Structure formats: structure tokens, C-alpha cells
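Input: a single structure, listed below in C-alpha cells.
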Amino acid sequence: MPNDKSEKKEQARLTVVKQFRVSGKDIGTPTTTDETIDVRTFNAPHAQVNVEYGLTLNMGNYETARLTVGVSVPCYVEEIDDAHRFAAGWVEKRLSEQIDAVRSKKSSPF
């Protein structure tokens, strides 16, 4: 029978560099951010939950902005429902932030 120490889930630390730019506009240097996250390792076969939402915003003056945010979350099969709730909430929050950012810049070019 495994002891408590062997049953603990292994985690590693990973630094992620996010880089993005607004397509169709000359904005110069792309924006980058660094973020350190915990990364889970799997000791058995696992599932993958993918959630992606997209939206096209009418910016007026015959311009639109297309926003798409998505995430893939690896998980064990028995965690699929929880992983989906997490992924959907994460995507909704990030998409809402992007919508607010684009709308706040509506009066000026990107």
C-alpha cells in the first residue's frame, strides 16, 4: 500500500513568456509579459480539455476587432468536469479583459 509521500502529486515550476501583437496594425514591438506557474506532471495516461471562445467587435468606422482566447488543460480522466469548469472560467475572464482593453482604445489606433 502506498504511503502518503508517494501519493502526493508532483509539480514543477515553469516561467512562461507571453507575447502578443494586434494583427493588421503597425504597433512596433510586441507586448511581452513573464509569469511563473506551477506545472503538474502526470504519472498515468491523462485527458485534455480544450476551451476556446471568439468574438468579433464592431469598432465603428467600418473596423472590427477579432478576439479569440483559448486554453488547453491536461487532467486525469476523472477530473474532466472540474478541468472544463476551470478552463471555461479562465477563458471567459481573459476574453472579458481583452474586450475591455479593446473598447477602451476605441477612440485611438492600436
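For the range 60-82, a residue qualifies if it is surrounded by 15 or more Cβ atoms within 10 Å (Cβ to Cβ), out of contact with any helix residue (DSSP H, G or I) (no Cβ under 7 Å at 6 or more places or on another chain) and either of a type in the set (S, T, Y) or assigned to a strand (DSSP E or B) (or both), and exactly one does: Y76. Within the range 83-109, the residues that satisfy the criterion of being assigned to a helix (DSSP H, G or I) and either closer than 14 Å to T56 by Cα or modelled with pLDDT under 90 (or both) are L95, S96, Q98, I99, D100, A101, V102, R103, S104.
The values are calculated or read from the model by the stated rules, or taken from the named source; none is laboratory data. Everything quoted here is computed from the prediction, not taken from an experiment. Don't worry about glycine lacking a Cβ; one is built from the backbone with ideal geometry, like all the others, and counts go over all protein chains shown.
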